[in-house]
Every structure is written in structure tokens, then in C-alpha cells.
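A short write-up of the structure that comes next.
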Amino acid sequence: MSHGTLYLIPVPMGGDRLDAILPADVLHIARRLTHFVVENAKTARAVLKQFETPHELRSLWMGELNEHTRDAELAALLAPLLAGNDVGLMSEAGCPGIADPGANLIRLAHARGIRVAPLVGPSSILLALMAAGANGQKFRFNGYLPAQEPGRAEAIRKLEQESSKQQQAELFIETPYRNEALFAALLAACRPNTQLTVACDLTAAGEWIATRTITQWKHGERPSLNKRPTVFVLYAA
């Protein structure tokens, strides 16, 4: 029996109109699938309802993969694929496999000879880099920085030094309730002429993106970042 295909299905990042951010082919594939691996079954069903799946939501097979999933549990999530069923992997928002626990399942799927098919959709990391005006030829995504001081400030200074030395953009994200603290730490730790991009609510109605020097951020308009999905891009020329 041939294996199924693991489809990496992008998920809206806010109150997005589906026809504005997802190609018709992506929606067609998502609608025909009956097996999914998701971070949270309840929110995934809400997304599939938005996708207008023709299947009864309660009839769908859903395996959960999140930060609590142990490596030993990953193999069971591949069972539908090994039985010949196509499976959709969905993150809570954006593209699966990027800053997302789905990467562990993708790696195991490759090891088992299962086809992995990424589908086109919104990535907050790539969209922020596109809009930043930083070096798009050379960049690095750093995930989450340390949540506490002095580790956070030290990490910021190292990223700034590396950006200046390598002439590369440094990207990172934070959980919404810690955005304000990270923003304040960036203003305190970085040099005056370092460029900082703040990209909030990408693709959503309240999308807000600005690139300024640290000095300009200190004396100009500041966004309200509390509870807003945000990507930061640091570029030290």
C-alpha cells in the first residue's frame, strides 16, 4: 500500500478574507481531507468551518501535536499516512513547520518515506522581512529571545553585533503579552542608528508596519503591542 501525502496547510493569522490570502487550490485540498494533525482540535475545527469543509466536523480524524507532545508519540500521528490517507498539518496560525512543533512530525515523515507537500499561504516572518527594507539577501530567524533580564538584553546586543558584522537582518518574535517588554528592551539595548522594524497583525485589518532607527522610535509614535502578534526585524548597518 502506498503512503498518503502530508500536506502543510497555511492558516489565517487574523480576521483575514480567505480569498485574499489563500489560493483556490489550497482550499480545495483542505476541503477534501478527512485526517488532520493540529495544535488544538477545537480551534482547528473552527478554521475548517471557515474553510467550508463539506465533512461533518465531528467525523474528522484529528491528532494533536503541540509543545506537550513527546517524541515517542509522533509515530502514532503518522498512522493514517502509513495506511494510505492524505493528512493535513495545521499550525494555530500561519505556515506550519516554522516556529511550530509540526517540524518534528515533518522530519519523521521524511524519514519514513512519506511525501511532504507545502502549500502556499501567509508567513508572518517572510511578510515582515519583505516590508522591513532590511537585507533580504542575508537574514536569520531567531525564534524567541530570552524572556527575562539580563539574558534578553545580552541576546539583543549579540544579535545587533552579528547583524552589523555580517550585514544580515535578524528576525525574532514574541508572545503577545511580552511584546511591550521586548520592545522596551530593544530601545534600551540597541545603538541609536540601528534599524528596527515592528510588524503587527500581518494580513489582518489592523496591520501596522514601520521601520525606524532606535532614536526615531524613542521620540516618535509607538504602536500598542499588547496582545498583538508581532514580528521584529533588527538591522544594524
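The values are calculated or read from the model by the stated rules, or taken from the named source; none is laboratory data. No experiment lies behind these values; they were computed from the predicted model shown. Heads up, the Cβs are rebuilt from the backbone with ideal geometry, glycines too, and the neighbour counts pull from every protein chain shown. The accessibility values were calculated without ligands, DNA or RNA, using every heavy atom of the protein model including side chains. Shrake-Rupley method; radii C 1.70, N 1.55, O 1.52, S 1.80 Å.
See the values below:
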quantity: Hits in the stretch 190-218 (condition: more than 24 Å from Glu154 (Cα to Cα) and either surrounded by fewer than 18 Cβ atoms within 10 Å (Cβ to Cβ) or of a type in the set (Lys, Arg) (or both)); calculated: Ala204, Ala205, Gly206, Glu207, Trp208, Ala210
quantity: Cβ-Cβ under 7 Å pairs, at least 6 apart or on other chains, the stretch 66-83 side more than 13 Å from Leu108 (Cα to Cα) and assigned to a loop (DSSP other than H, G, I, E, B), far side of a type in the set (Asp, Glu) and open to solvent by less than 50 Å² (accessible area, probe 1.4 Å); calculated: Asn66/Glu39
quantity: Subset of the stretch 132-149 that is among the hydrophobic types (A, V, I, L, M, F, W, C) and farther than 18 Å from Cys95 by Cα - its residue that is most open to solvent (accessible area, probe 1.4 Å); calculated: Phe139
quantity: Any hit, the stretch 211-226, residues being under 22 Å from Ala93 (Cβ atoms) and of a type in the set (A, V, I, L, M, F, W, C); calculated: yes
quantity: Some residue of the stretch 2-14 being free of Cβ contacts under 8 Å to residues at least 60 places away in the same chain, under 21 Å from Ala103 (Cα atoms) and in contact with a Ser or Thr (Cβ under 8 Å, 6 or more places away or on another chain); calculated: no
quantity: Cross-chain or 6+ apart pairs with Cβ under 8 Å, the stretch 50-64 first and on the phi > 0 side of the Ramachandran plot, then part of a helix (DSSP H, G or I); calculated: Glu52/Leu27; Glu52/Arg31
quantity: Some residue of the stretch 110-125 being crowded, with 17+ Cβ neighbours inside 10 Å, touching an Asp or Glu at 6+ places or on another chain (Cβ under 7 Å) and either assigned to a loop (DSSP other than H, G, I, E, B) or of a type in the set (D, E, K, R) (or both); calculated: no
quantity: Positions within the stretch 150-179 being of a type in the set (S, T, N, Q), at pLDDT 95 or above and open to solvent by 30 Å² or more (accessible area, probe 1.4 Å), in sequence order; calculated: Gln161, Ser164, Gln166, Gln167
quantity: Meets criteria (more than 21 Å from Asp100 (Cα to Cα), in contact (Cβ under 8 Å) with a residue 24 or more places away in the chain, in contact with a Ser or Thr (Cβ under 8 Å, 6 or more places away or on another chain) and in a helix (DSSP H, G or I)) for Glu160; calculated: yes
quantity: Any hit, the stretch 32-41, residues being touching a His at 6+ places or on another chain (Cβ under 7 Å), assigned to a strand (DSSP E or B) and farther than 24 Å from Leu171 by Cβ; calculated: no
